[in-house]
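Working notes, beginning with the structure itself.
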């Protein structure tokens with residue numbers, strides 16, 4: 001029997017996953033893309049950029065403003081990324097996006113397929129371009145099938161309050177209350193998978209028409225929120241702020257040198 005390539009196996013497994021047939025994790029496949037690898041010079045420049053950034057100024061947005069902002073960004077990124085979803089998932093981008101009341105600066109992908117962004121994250125992002133990078137990063141985890149490939153889980157921690165049901169499917173936006181509680185588990189990805197999600201995110205942000213340079217400032221802000229340029233942003237499994245910023249800038253250069261509707265390069 002002829003063996004399947006990793007990309008083909010992933011594609012077939014996704015079809016089973018979305019049909020509700022597949023339940024077991026798929027393992028042994030690494031990143032599907034030739035990811036950018038910043039050198040010492042690029043990393044040093046990114047580190048200086050983060051160190052020289054003004055102090056983090058959190059935005060005091062109301063819950064209604066957060067829901068509206070997340071809704072606009074999620075719809076725009078989802079609609080513009082449809083070619084990528086069809087290429088990777090074999091269907092349109094049918095992600096549900098939710099806002100969770102929590103001061104923790106976080107966002108995560110979960111089965112459904114769902115993406116959840118905390119209100120703490122909505123207070124850190126400066127504008128919709130930065131939020132687009134966050135949302136697209138979590139979309140990237142779904143596109144690359146990281147949920148099935150991750151080997152361990154960790155507790156996100158207690159997210160006080162309700163999960164605001166800001167779900168986006170097509171043109172519909174419904175709001176419903178639901179308790180998330182302290183048992184929300186988040187998959188832990190490898191640094192290579194986090195880098196791959198960042199890589200895919202840049203292409204989605206570009207297709208959505210956001211300014212890539214403005215969007216890339218999110219890595220500066222997340223590094224600041226995590227305590228500085230040397231510490232990993234968000235979770236210990238994430239690359240450091242300078243690594244993410246430098247790799248993002250390399251991906252931006254790749255996109256700008258490619259045709260208008262560039263697609264990610266497979267490895």
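For (1) modelled with pLDDT of 95 or more; (2) under 23 Å from residue 206 (Cβ atoms); (3) out of contact with any strand residue (DSSP E or B) (no Cβ under 6 Å at 6 or more places or on another chain), each residue gets a yes or a no:
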site: 58; (1), (2), (3): no, no, yes
site: 65; (1), (2), (3): yes, no, yes
site: 72; (1), (2), (3): yes, yes, yes
site: 79; (1), (2), (3): yes, yes, yes
site: 101; (1), (2), (3): no, no, no
site: 105; (1), (2), (3): no, no, yes
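Keeping to segment 117-143, report how many residues are touching a helix residue (DSSP H, G or I) at 6+ places or on another chain (Cβ under 7 Å), without any contact (Cβ under 8 Å) to a residue 60 or more places away in the chain and within 19 Å of residue 60 (Cβ to Cβ).
3
Might you let me know whether segment 71-86 holds any residue that is part of a loop (DSSP other than H, G, I, E, B) and surrounded by fewer than 15 Cβ atoms within 10 Å (Cβ to Cβ)?
No, segment 71-86 has no match at all.
Go through 28, 9, 44 for me and flag whichever is farther than 25 Å from residue 207 by Cβ, in contact with a helix residue (DSSP H, G or I) (Cβ under 9 Å, 6 or more places away or on another chain) and either at pLDDT below 60 or not in a helix (DSSP H, G or I) (or both).
Every option except 28 fails the conditions.
Where in segment 155-267 are there helices (runs of 4 or more DSSP H), lying wholly inside it, with at least 1 residues that are at pLDDT below 90?
In segment 155-267, 191-207, 218-226 are the helices (runs of 4 or more DSSP H) which contain 1 or more residues that are at pLDDT below 90.
The values are calculated or read from the model by the stated rules, or taken from the named source; none is laboratory data. If you're wondering where the values come from, they're calculated on a predicted model, not measured in any experiment. Cβ sites come from the backbone with ideal geometry, for glycine too, and all protein chains shown count toward neighbours.
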